[in-house]
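Have a look at the structure below, then the notes.
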Amino acid sequence: MITLVGIGHVFSIRDAVRHIIFSRRPNAVCLELDKLRFEILERGDLGKEDGQLLSKILHGIYEKAASAQGATVGEEMLGAADAARDLGVPYFLIDVEATPMVNGLLKDMNFVQKAKLLGSVLGAYVVPKKLLEKEIRKIEEDPTEAMEQFERVFPELKRRLVDYRDHYMADRIVQISIMYPHTLAVVGEGHIKGIRGLLEGQDLEVIHLKDVTSIARRIENGELPFPRLSDPTGNCNWAMSFEIDQCSHKE
């Protein structure tokens, strides 16, 4: 069985993601991260690493949106990794390496495309807080509309940043699920539609972002207690990317 959990990096859903993992008791957890991004998140250095100006501006937008939700960018991914450790099951970093992907993409864009992208990013950076909160609520309820708008404006970016990664991650989820009977994958809600289509024929459960945020609110209101962890699924305490030679053990 494969469980897909749709998340948003700017929502306060760490406890909700942990609750879902505890209640499902998967044999393995997959995270929409590569090794470098995971290490940066763990160090708390997100946005401080060397990189493209565009990446730093995008991080600033994420931070602004997360702050409006009382969240920290990426906290749901760290929560998922912690839940896997608590259950004693492995977690896998299944995403494409972000740095070479973004560098290659920017290299292939002409000046007009880069200017258009930078203008959109800067426009999002200066959006007033109330309007930003409204847009976040719209994405929570219907992320498909935002993805379709992104595809209309930047079709090539959609193909390379979303569609390609959907295939990449779906392939790894399938291969990991061969080794682990119940594999749970935590991925951005924008990837759910694509990955779900690629997993057609699999025994599949999908938990959408709006369901995750609903669970988060119920936990905050004291309506939903955490499942007991008296009987962990396994005794592992390590993480690994899909490539075995990049295995990273966590003490």
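The one condition from (1) modelled with pLDDT under 75; (2) within 19 Å of the chain's Cα centre (by Cα) that LEU53 does not meet is (2). Scanning segment 23-34 for residues that are assigned to a helix (DSSP H, G or I) and either buried (at least 18 other Cβ atoms within 10 Å of the Cβ) or at pLDDT below 60 (or both) yields one hit, ARG24. Filtered by the rule that a residue be in contact with an Asp or Glu (Cβ under 7 Å, 6 or more places away or on another chain) and either among the charged types (D, E, K, R) or closer than 17 Å to MET147 by Cα (or both), segment 170-223 gives VAL187, GLY188, HIS191, GLY194, ILE195, HIS208, LEU209, LYS210. On inspection, ASP95 passes the criterion of being under 25 Å from ARG172 (Cβ atoms) and assigned to a loop (DSSP other than H, G, I, E, B).
Checked against (1) charged (D, E, K, R); (2) modelled with pLDDT of 85 or more; (3) part of a loop (DSSP other than H, G, I, E, B), ARG18 passes all but a single condition, namely (3).
Please determine whether any residue of segment 81-88 is crowded, with 17+ Cβ neighbours inside 10 Å and either modelled with pLDDT under 80 or closer than 24 Å to PHE154 by Cβ (or both). Looking for residues that are crowded, with 17+ Cβ neighbours inside 10 Å and either modelled with pLDDT under 80 or closer than 24 Å to PHE154 by Cβ (or both), one finds none in segment 81-88, hence no.
Within segment 149-165, can you find the residues that are among the charged types (D, E, K, R) and surrounded by 12 or more Cβ atoms within 10 Å (Cβ to Cβ)? Selection gives GLU151, GLU156, LYS158, ARG160, ASP163, ARG165.
The values are calculated or read from the model by the stated rules, or taken from the named source; none is laboratory data. Here the structure is a predicted model, which is why all the values come from computation and not from measurement. Don't worry about glycine lacking a Cβ; one is built from the backbone with ideal geometry, like all the others, and counts go over all protein chains shown.
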